[in-house]
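*Asks:* Sharing a structure with you now.
Derivation of every value follows stated rules applied to the coordinates shown; laboratory data play no part. The structure displayed is predicted, hence computed values, not measured ones. A quick note on method: Cβ atoms are made from the backbone with ideal geometry, for glycine too, and the neighbour counts reach across all protein chains shown.
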Ligand code: TXE
């Protein structure tokens, strides 16, 4: 059986614990590989390697960091089939989608390789008195903790800017989806990444993740995952005065106004609602449709979603794969039951499915629910599965209030051909990202992150480079 091992000080090694965790294939419900069960001592080892390697990495020419990171991107692209297959088996997502995400992982490395070459200091002349400049220095050793929904895509999204800014890293991928980070470690060795610059420690969140957050020498933590975990991490990191970037959950509204281009809105909404089984923090799980077009959009959406094939993730026609873990599968089904208790009418789906050949896998039908009040738990809590709630609305001010009325503030989508309305609503929505007539259209230079319980800080472009550096003001009197 394949074994997922750590990458510490440039070597692929087992945890000192000699213990192993089971790794499941969500489509079959069976264990298919083992994960080294690391602990705080492995984190210490990774930290020591990182600390030793960091000064040389920071002081290496930017071209050298650029070269290594680009080489890693090239090697991922050369092995895209292998990486995508591994991601699909580990996570449950369709293979074609995993392939897109592997391209994005390579793009993350390449984008921030370029940032390493372009990131610059600022200077400020203080009228005849002084010249100030801002040195942007590496932090040292940083911690990167990533989730299971877009495993390599989000892992690289964190480590790439950290590396570009000259830091060394102790990282931990999710224990539910460690495989592509393991393959990535091997690619780093092949690309000539200096030993210790990136360390990948596999294992459980409360053990390995927590040890990273608690570690005295690790000065900044970049985390993507659940809001509850984020709050726990913040409570440990804050008294130690660590820099923190938290990308947490969402309960994102998708609002279709009466003048929207309905064909486009429906086509995109199918993805907004159900891509990656709804396991994307940016998925729109609350769909609000203007009452004048409600029945029409509802019927057409149901038809479009009915056509989504649920099943074998390796089949190129599959649109909905398996749910990542048994626990999460039960959680999502629990929310469907809750929706019924709260008075919701199931318009489509609502059940688990057992596609032929995958009888023990964790599959759930894409589910559309109507008739829920804005304040019920189904409309307030993050489900993170193929489940959406739909409702009609009358007035713009009313829908803005409803859209803003959850503890989350990650992403909102609006559909309208009215430019003034689009600008006005975009300004009033309390979300880190507002998409107008599109969804998940990403430019890696833009700030990415959420308001309220969706997180603290922003990733992407210079925001990420600023997070992974310490600014120092040098003031020289003239
Ligand atoms: O995530 P966790 P879970 C949401 C989604 C989901 C819920 C919980 O609603 O149902 O969160 O998912 C590591 N100290 N999202 O429990 O636990 C863990 O090992 C340090 C939204 O699987 O937050 C993993 O590497 N680290 C989301 C990472 O944190 C800890 C993506 C995320 O896992 C830790 C995933 C600890 N005490 C879930 N405990 C998004 N926003 O994209 C766990 N970890």
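*Asks:* How big is the stretch 254-363 in terms of Cα radius of gyration and Dmax, in angstroms?
*Replies:* 14.9, 45
*Asks:* Additional query: I need to check one value: relative contact order of the chain, counting alpha carbon pairs closer than 8 Å and at least 6 residues apart, in percent.
*Replies:* Once divided by the residue count of the chain, the mean separation gives 19 percent.
*Asks:* Report P(r) for the stretch 290-349: all Cα-Cα distances, bin width 10 Å, range 0 to the bin holding the largest distance, values in whole percent.
*Replies:* In whole percents, the pair-distance histogram is 18, 33, 38, 10, 0.
*Asks:* In nm, give the distance between the simple-model label positions of residue 417 and residue 356, each being 7 Å from the Cα along the Cα-to-Cβ direction.
*Replies:* The answer from the label model is 4.5 nm.
*Asks:* I'd like to know how the stretch 317-369 sits against the 2.2 N^0.38 Å rule of thumb: what's its Cα Rg over that expected value?
*Replies:* Compactness ratio reported: 1.16.
*Asks:* If one puts a single equal scatterer on every Cα of the stretch 76-133 and applies the Debye formula without solvent, what log₁₀ I(q)/I(0) results at q = 0.13, 0.20, 0.26, 0.30 Å⁻¹?
*Replies:* -0.50, -0.75, -0.94, -1.08
*Asks:* I need the peptides 159-167, 119-127 ranked by packing, meaning the mean over residues of other C-beta atoms within 10 angstrom, with the highest value on top.
*Replies:* 159-167, 119-127
*Asks:* Further question: Note the per residue figure in Å³ for the convex hull of the C-alpha positions in the stretch 205-304.
*Replies:* 122 Å³
*Asks:* The chain: D in µm²/s via Stokes-Einstein (Kirkwood Rh, Cα pairs, 25 °C, 0.890 mPa s)?
*Replies:* 106 µm²/s
*Asks:* To the nearest 10 degrees, how steeply does helix 326-341 sit against the main Cα axis of the chain, on a 0 to 90 scale?
*Replies:* 40 degrees
*Asks:* Once fully extended, how much extra length lies between residue 445 and residue 264, figured as 0.36 nm per residue of separation less the alpha-carbon to alpha-carbon distance?
*Replies:* 62.6 nm
*Asks:* Find the relative contact order for the stretch 407-446 and round it to a whole percent, using C-alpha pairs within less than 8 Å whose residues are 6+ positions apart.
*Replies:* In percent, rounded to a whole number, it is 49.
*Asks:* Is the C-alpha gyration tensor of the stretch 1-117 telling us rounded, prolate or oblate? Criteria: a/c under 1.5 is rounded; beyond that, a/b larger than b/c is prolate, otherwise oblate.
*Replies:* Oblate.
*Asks:* Between residue 17 and residue 190, what is 0.36 nm times their sequence separation minus the Cα-Cα distance? Round to one decimal in nm.
*Replies:* 59.6 nm
*Asks:* Nearest 10 degrees, 0 to 90: what angle lies between the long axis of helix 62-78 and the longest principal axis of the chain (Cα atoms)?
*Replies:* Value to nearest ten degrees: 40.
*Asks:* Does the stretch 399-478 classify as rounded, prolate or oblate by the C-alpha gyration tensor (a ≥ b ≥ c root eigenvalues; a/c under 1.5 gives rounded; else a/b over b/c gives prolate, otherwise oblate)?
*Replies:* prolate
*Asks:* Still on this structure, I have one more. Compute the Cα gyration tensor for the stretch 143-205, then decide on rounded, prolate or oblate, letting a ≥ b ≥ c be the square roots of its eigenvalues: rounded whenever a/c is under 1.5, prolate when a/b is larger than b/c in the other cases, and oblate in all that remain.
*Replies:* prolate
*Asks:* Kirkwood Rh over alpha-carbon pairs of the stretch 51-111, then Stokes-Einstein at 10 °C and 1.306 mPa s: what D in µm² s⁻¹, rounded to an integer?
*Replies:* Estimated diffusion coefficient is 124 µm²/s.
*Asks:* Please report 423, 215 as a ranked list, fewest other C-beta atoms within 10 angstrom at the top and most at the bottom.
*Replies:* So the residues, fewest neighbours to most, are 423, 215.
*Asks:* Under 19 Å from a label point 7 Å along Cα→Cβ of residue 232: give me every residue in the stretch 131-151 with its amide N that close.
*Replies:* Under 19 Å, as judged by backbone N against the label point of residue 232, lie 143-149 of the stretch 131-151.
*Asks:* Please determine, in degrees from 0 to 90 and to the nearest 10, the orientation of helix 95-118 with respect to the longest principal axis defined by the Cα atoms of the chain, where the helix direction is its Cα long axis.
*Replies:* That works out to roughly 40 degrees.
*Asks:* Write down the radius of gyration of the stretch 132-290 and its Dmax, each obtained from C-alpha positions, in Å.
*Replies:* According to the Cα coordinates of the stretch 132-290, Rg and Dmax are 18.7, 58 Å.
*Asks:* Let me ask another. Hey, for a label at residue 135 modelled as a point 7 Å past Cα toward Cβ, could you say which residues of the stretch 39-68 have their backbone N under 17 Å away?
*Replies:* Only 55-62 pass the distance filter.
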